[in-house]
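Just so you know, all these numbers are worked out from the coordinates, no wet-lab data involved. These figures come from a predicted structure and were not determined experimentally. Counting neighbours? That spans all protein chains shown, and the Cβs are built from the backbone with ideal geometry, glycine included.
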Amino acid sequence: MNPKKNKNRKPGKGRLLIFSLVFLSVCIAFNAEAQKSSWVVPASAAHVKNPLAGNTSVLGDAKVLYVGNCAPCHGKGGKGNGPAAAALKIKPADHTSAKIQSMSDGSLYWMIATGQTPMPSYKTALTTKQKWELVNYIRTLAKK
């Protein structure tokens, strides 16, 4: 009996297992690295103009939206310190920060609509007007 030949073993099965493990490891590493990176807003989205820019009459409704949808993670004051933030591996953005406040309205709108783990997408959960209202409200947080 030749020890190198095993009639019950299918050729390539070991290679498939090794390939699968390597592929899985690469996927996990890529996903972790992607989550570490900052969002890259497409230039086309960054240049979108806010149709509600300067409209302070929407801030009351926007605050209600913010408290219900954003504050659990970002905090009522937008500092990224909401009650759910402690449980997140990726910490929520500080909406009062110079980094967020220096972004274009179109960029903020795109981020709200698109989301990125752990933040959900609000593309269909909120109307276009509601997303722009949130952008306007986020602008007020730096002034508080």
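Of note:
- The alpha carbon convex hull volume per residue for the stretch 46-144 rounds to 92 Å³.
- Under the convention that each Lys and Arg Cβ holds +1 and each Asp and Glu Cβ holds -1, the size of the dipole of the stretch 77-144 around its Cα centre is about 100 debye.
- Spatial separation of Cα centroids for the stretch 55-91 and the stretch 94-108, in angstrom: 14 Å
- Restraint check, Lys79/Lys129; Lys63/Lys89; Lys49/Lys79; Lys49/Lys131; Lys76/Lys129; Lys99/Lys129, Cα-Cα greater than 18 Å: Lys79/Lys129; Lys63/Lys89; Lys49/Lys79; Lys76/Lys129; Lys99/Lys129
- Under the Karplus curve 6.51 cos²θ - 1.76 cosθ + 1.60, θ = phi - 60°, whole-Hz ³J(HN,Hα) for the stretch 91-97, x wherever Gly or Pro sits: 6, x, 5, 8, 5, 8, 5
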